[in-house]
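Working notes, structure below.
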Amino acid sequence: MDPIVTRFPPSPTGYLHVGGARTALFNWLYARHTGGRFVLRIEDTDTVRSTQASVDAIFEALRWLQIDWDDGPYFQSRRTDVYLDYARRLYETGHAYYCTCSPEAVEAMRQRAVASGANPRYDGTCRERGLGTEPGAVLRFRTPASGTTVLDDVVKGSIVFQNSELDDFVIVRSDGMPTYNFVVVVDDIAMGINTVIRGDDHVMNTPKQMQIYRALGARLPVFAHVPMVLGPDRTRLSKRHGAMSVTAYRDMGYLPDAFLNYLARLGWSCGDQEFFTRQELIEKFTLDNIGRSAGIFDLAKLQALNADHIQASTPEALVPHISPILVRNGLAPGDVPSLPRVIRTLQPRCKTLEEMVEQARFYFADEVAYDPEAVKKIFKPTAFDPLQRIVEALERIPVFSEAALEAAFSAVMAATGLKLGKIAQPVRLALTGRTASPGIFETIEALGRDKTLARLRRAAAWIQAHAVPDS
RNA sequence: GGUCCCAUCGUCUAGCGGUUAGGACGCCGGCCUCUCACGUCGGUAACACGGGUUCGAAUCCCGUUGGGACCA
């Protein structure tokens, strides 16, 4: 059996968006799953809207997602001669003909067709005129007037199109530029693409494309039309729904593997499994379990999955992902004794890395700001003594290991008769400025000896300074 | 307007003629606990509607409604 060859053909008219990323993912996964090839092709024939910035943005997004390609990138703008070559073949074999009808005349035909209740279409005026190329002529594809074109779609099943509904569409414009439906087929044939996985907004293009395959004597690829990704209001995902750019999710602190996991499960399933590593995705992805109905992009679910991936990761593996976000927030990764240790304390408490940075702030601060509400409740005069005892106990510990810290706290608990909560909360407030934080021992360990002792002493002094005189 | 696609909890989905319709996210409650989380246990909630086919339909067929896509 021939190896599977898939492709991803983005138009560089903007950043890579969520729907495009999922299409890329499915094609990539299928190629990797089958040990086939994945081709990247930039469809930049629209020279007005295509930009280099968009090309760069797409590369950047694919790099972040770690979706790599085996062939390409090809640029359609550099392949015009290939397309015209194929167009000539179509003309020479009688599958295409020149047409000199003016745009106005064609528009009139459409009006007439609509008026008679039919589809707007070209009426075939030049079809049998046997015209050769001449100035202002377009090249039209000669669509069969009768019969049906049947698309056997892997996900949608069999779809029947009446050929009479198909137009004699233009394949080369009067300015010599080939058209979309035509170049796609030429490229897919030339690049050996045998499996086309794309959004189901392309279903209506498919019968036209199938006709071109036939006219060119090429073998049809397997088609898999994947349902679209919609916004919460059930309309096509757009700017109105917030972030559409894939890299925006990177900047918000999502892990590429979590993002891919979410995208894969949106429209594809594997029994009840929700969490997939990249490797599992490759092992388990097939075209068989792609759903037929459109899916709504749900940020809450993405967040939950991201939290799972953050937890499943090692702190060290998170470092390269979180560092840029730290820096963006004015925090230097080196300003803490051990960044992985800090990350470890926060892993079970964050849905995104952005949240993690937010919660990590106190580790980096030179001096924590106390939450005023918490101060009222916790920094009471009675908190001074235990705090002081903790300082003394910690001063005697050379190495801040969790076990040693726990022993020190136990000793203070025994000496004062206080429960851990009564001691831990003042310590927590002293170290973090807040009432909520990671476990007190792991926090101290990650914060390090110097910062811990400095903050505890400052807190003790603060309480003394603000002590309410006995009345 | 024409053509095409789709339809299970709010959301993602399992189901492929016989199930108390399962899981996940979210939400609500219990437990755990040095706080917040994590974790764990439990709860909430769905087969769009109407006809058929069948001993039996979420599942097969037809229609209706609703949503979406493409062309204009």
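What follows draws every value from the coordinates through simple rules; no lab data is involved. Just so it is clear, the structure is predicted and the values come from calculations on it, not from any experiment. Quick reminder, even Gly has a Cβ in these numbers, built from the backbone with ideal geometry, and neighbours come from all protein chains shown.
Values for this structure:
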| quantity | calculated |
| --- | --- |
| Tail fraction, Cα-Cα pairs, the stretch A:24-94, threshold 15 Å, whole percent | 65 |
| Chain A - Cys residues lacking any other Cys C-beta under 4.7 Å | A:Cys101, A:Cys270, A:Cys350 |
| Loop-resident sites, the stretch A:350-424, for trypsin sites (Lys or Arg not before Pro), counting at most 12 other Cβ within 10 Å (DSSP) | A:Arg396, A:Lys419 |
| Calculated over the stretch A:250-326: convex hull of Cα atoms, volume per residue (Å³) | 98 |
| For the stretch A:394-400, Karplus couplings with θ = phi - 60° (6.51, -1.76, 1.60), whole Hz, Gly/Pro x | 5, 4, 7, 8, x, 10, 7 |
| Leading residue at positive end of dipole, the stretch A:229-281 (Cβ point charges), from A:Trp268, A:Val229, A:Leu281 | A:Val229 |
| Mean-position separation - Cα centroids, the stretch A:366-413 and the stretch A:28-102, in angstrom | 64 |
| Student exercise, the stretch A:222-311 dipole from Lys, Arg, Asp, Glu Cβ charges, in Debye to nearest 20 | 460 |
| 10 Å binning of all Cα-Cα separations within the stretch A:112-235, expressed as whole percents from 0 upward | 11, 36, 34, 16, 2, 0 |
| From the C-alpha gyration tensor of the stretch A:72-175, square roots of 5λ in Å | 24, 23, 13 |
| Residue (of A:Gly192, A:Val375, A:Leu456) at the positive-pole extreme of chain A, dipole from beta-carbon charges | A:Val375 |
| Part-to-part distance (alpha-carbon centres) for the stretch A:141-170 and the stretch A:178-216, which is given in Å | 12 |
| Local electrostatic count, A:Glu445, Cβ distance below 15 Å [Lys/Arg +1, Asp/Glu -1] | +2 |
| Nonlocal amide H pairs with A:Leu230, under 5 Å, H built at 1.01 Å | A:Gly295, A:Ile296, A:Phe297 |
| Residue-by-residue Karplus 3J(HN,Hα) for the stretch A:441-458, coefficients 6.51, -1.76, 1.60, Hz, glycine and proline x | 6, 5, 5, 4, 4, 6, 6, x, 4, 4, 5, 4, 5, 4, 5, 5, 5, 5 |
| Burial ordering of A:Met244, A:Met191, fewest other beta-carbon atoms within 10 Å first | A:Met191, A:Met244 |
| Relative exposure of A:Cys350, A:Cys126, judged by other C-beta atoms within 10 Å (fewest first) | A:Cys126, A:Cys350 |
| Antiparallel bridge percentage (DSSP; both residues within chain A; nearest 5) | 50 |
| Diffusion constant of the stretch A:193-338 at 4 °C, which comes from Stokes-Einstein with the Kirkwood Cα-pair radius and 1.567 mPa s, µm²/s | 72 |
| Count of Lys pairs (Cα-Cα under 25 Å; at least 8 positions apart or interchain) in chain A | 17 |
| Order of A:Arg140, A:Arg328 under a 10 Å beta carbon neighbour criterion, fewest first | A:Arg328, A:Arg140 |
| Cα convex hull volume per residue for chain A (Å³) | 195 |
| Enclosed volume per residue, in Å³, of the convex hull spanned by Cα atoms of the stretch A:286-435 | 184 |
| 3J(HN,Hα) from dihedral phi, the stretch A:22-29, Karplus parametrisation 6.51/-1.76/1.60, rounded to Hz, x for glycine, proline | 5, 4, 4, 4, 4, 5, 5, 4 |
